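First up is the structure itself, then whatever we jot down about it.
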Amino acid sequence: MFFSKSLKVIVISLILFSFANCGKEKNEVSQLKKPPQRIISLAPGFTETLIDLGLKDRIVGVTTSCDYLKEVKEVERIGLYMKPSLEKIVGLSPDLVFATDYVGQRQTVKALEKLGIRVEVFFEEKGIEELFLRVKRIEEICGVQRKADLLIQKMQERIREVRTRSCSLSRPRVYVEVGYNPLFTCGKGSFIDELIEIAGGENIGHEINKPYPRVSAEFIISKNPEVIILPYMGRGYGKETLKKRKGW
């Protein structure tokens with residue numbers, strides 16, 4: 001079975017998840033006596049939040065997934081989001097690292113913790129609501145005040161605006177590929193699933209009761225998505241890559 005000729009493929013370098021990358025802190029009660037001054041961000045979402053909270057000058061390292069952010073153009077790159085470099089991170093002497101529960105970061109996180117470097121890991125469990133909690137948590141950890149509420153308010157206003165504009169539109173079937181070989185998409189509980197609904201789409205993985213489930217090519221083809229989003233953050237995947245896949 002093949003996709004229809006009307007299939008639209010949208011390739012983006014980042015999807016607010018950047019990410020994939022929000023959620024519940026690993027240690028809710030841990031605090032620093034002094035606010036961190038040398039922060040490394042392993043996900044674009046953390047970097048954007050730090051910038052929006054006025055903490056750009058504290059960022060000493062980011063992944064290549066943050067290349068689109070002009071505010072950190074001169075900041076040291078510590079590798080890929082999928083595989084950050086332990087050596088580069090340690091070499092920057094951070095007093096705090098923000099990380100995700102993404103499988104490609106777990107080994108680095110464990111190694112950093114063994115070295116005594118503080119790591120705050122965020123897990124995604126509650127969709128967009130978890131984004132707001134993350135902003136508040138980062139504000140608390142970094143010792144800034146009264147900025148998170150304003151930022152959250154702006155985010156909520158933008159969500160309402162987009163929802164209003166999209167409510168009367170037709171709802172195309174959307175497939176977001178967050179991993180390849182094996183294939184992973186976004187399911188119920190992920191903030192990407194919510195964003196698709198807010199923007200007026202119908203996520204083909206919505207009925208799967210996992211935030212980021214592994215799926216088969218047959219499953220994707222059977223759903224016949226009308227829009228495909230590849231948030232590979234500059235890894236070079238695109239329409240031509242998809243055409244080479246059997247049945248696509």
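Things to note:
- The residue list Val60, Val90, Val75 contains one member that is among the aliphatic types (A, V, I, L, M), touching a Cys at 6+ places or on another chain (Cβ under 8 Å), modelled with pLDDT of 95 or more and farther than 28 Å from Glu194 by Cβ, which is Val75.
- Scanning the range 173-185 for residues that are among the charged types (D, E, K, R), surrounded by fewer than 20 Cβ atoms within 10 Å (Cβ to Cβ) and modelled with pLDDT of 95 or more turns up at least one hit.
- Checking Phe122 against (1) buried (at least 18 other Cβ atoms within 10 Å of the Cβ); (2) farther than 28 Å from Ala148 by Cβ, the condition it does not meet: (2)
- Pairs are defined by a Cβ separation below 8 Å, a sequence spacing of at least 6 or placement on different chains, a first member in the range 159-170 that is at pLDDT 90 or above, and a second member that is part of a helix (DSSP H, G or I); the pairs so defined are Ile159/Ile128; Ile159/Ile198; Val162/Ile198; Arg163/Ile198; Ser166/Ile198.
- The set of residues in the range 93-108 being surrounded by 19 or more Cβ atoms within 10 Å (Cβ to Cβ) and modelled with pLDDT of 95 or more consists of Pro94, Leu96, Val97, Phe98, Ala99, Thr108.
- Some residue of the range 213-222 being out of contact with any helix residue (DSSP H, G or I) (no Cβ under 7 Å at 6 or more places or on another chain), β-branched (Val, Ile, Thr) and within 28 Å of Gln156 (Cβ to Cβ): no
The values are calculated or read from the model by the stated rules, or taken from the named source; none is laboratory data. All values derive from a computational prediction rather than experimental measurement. Note that each Cβ is placed from the backbone with ideal geometry, even for glycine, and that neighbours are counted across all protein chains shown.
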